[in-house]
């Protein structure tokens, strides 16, 4: 038989342990949500690696036997695929989560860049364009919503615009740097910039695996400032 005083002491000890564990979980979750913002910032810089192939794009198409008519057709197919997929992938992020959507996006970006590196004809480039458009559609808008929900969960919504501005600025700087690097690599091989791009997008994918899904905010979409291409297209079509 345990004395009443011992039972009370044991009860207080258990309460302290439970309270500590709850606080510890909250603290760890807060740290992970804060880390989300830095991971997203670097991941967006990795996504900007697609600019490495831009300087040598027409040279690559010419080298692989494509005509100027094929150039225009590829650009049209890419634009159409991007618009259609922007609308189609909107529900995916809302249903399966922002982190999973960005992971799928980086997988598509890396796959599309790899396809571009090994393509030898028009059909291969069409596949590469569509897959890259899918990757951009999955990431576009999802990253902004992910950042907003992480900021809202941390109760610091006012910092969202600052972090998003930093993210956009870092992406543009990264695109300029990757374009210079890609132009240098194209001297070695026309496929080298796309292989280089694939490597950085794999790094972006690994960063997405380090992210945690923020709590869902029912009003996040309505309260989030600004807008996305997906919202603009939806407004036009509907």
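Looking across the stretch 175-204, the residues that are crowded, with 20+ Cβ neighbours inside 10 Å and under 30 Å from residue 31 (Cβ atoms) come down to 200, 201, 204.
Is it the case that the stretch 186-206 has a residue that's over 15 Å from residue 52 (Cβ atoms), assigned to a helix (DSSP H, G or I) and either modelled with pLDDT of 95 or more or under 17 Å from the mean Cα position of the chain (by Cα) (or both)? Within the stretch 186-206 (the criterion being over 15 Å from residue 52 (Cβ atoms), assigned to a helix (DSSP H, G or I) and either modelled with pLDDT of 95 or more or under 17 Å from the mean Cα position of the chain (by Cα) (or both)), the answer is yes, since at least one residue qualifies.
Here's a check for you: in the stretch 120-158, which residue that is touching a helix residue (DSSP H, G or I) at 6+ places or on another chain (Cβ under 7 Å) and in a loop (DSSP other than H, G, I, E, B) is farthest from residue 54 (Cα to Cα)? Give the steps one after another, and end with the answer.
Filtering the stretch 120-158 for residues touching a helix residue (DSSP H, G or I) at 6+ places or on another chain (Cβ under 7 Å) gives 122, 124-154, 157.
Filter again for in a loop (DSSP other than H, G, I, E, B), leaving 140-141, 154.
Numbers: 140: 19, 141: 23, 154: 38 Å.
So the residue we want is 154.
Restricting 6, 46, 15 to those that are modelled with pLDDT of 90 or more and part of a helix (DSSP H, G or I) reduces the list to 46. When 90, 105 are checked against the criterion of being touching a helix residue (DSSP H, G or I) at 6+ places or on another chain (Cβ under 9 Å), surrounded by 18 or more Cβ atoms within 10 Å (Cβ to Cβ) and modelled with pLDDT of 90 or more, a single residue qualifies: 105.
Quick one: which of 69, 112 is part of a helix (DSSP H, G or I), under 18 Å from residue 194 (Cβ atoms) and more than 13 Å from the chain's Cα centre (by Cα)?
Values: 69 fails: under 18 Å from residue 194 (Cβ atoms).
Just one listed residue meets the conditions, 112.
What about residue 217, is it surrounded by 17 or more Cβ atoms within 10 Å (Cβ to Cβ), touching a helix residue (DSSP H, G or I) at 6+ places or on another chain (Cβ under 7 Å) and modelled with pLDDT under 85? So residue 217 fits the description; yes. With farther than 15 Å from residue 40 by Cβ, out of contact with any strand residue (DSSP E or B) (no Cβ under 8 Å at 6 or more places or on another chain) and at pLDDT below 85 as the only criterion, which of 157, 129 stands out? Within the list 157, 129, the selection yields 157.
The values are calculated or read from the model by the stated rules, or taken from the named source; none is laboratory data. Just so it is clear, the structure is predicted and the values come from calculations on it, not from any experiment. Positions of Cβ are generated from backbone atoms using ideal geometry, with glycine treated the same way; all protein chains shown enter the neighbour counts.
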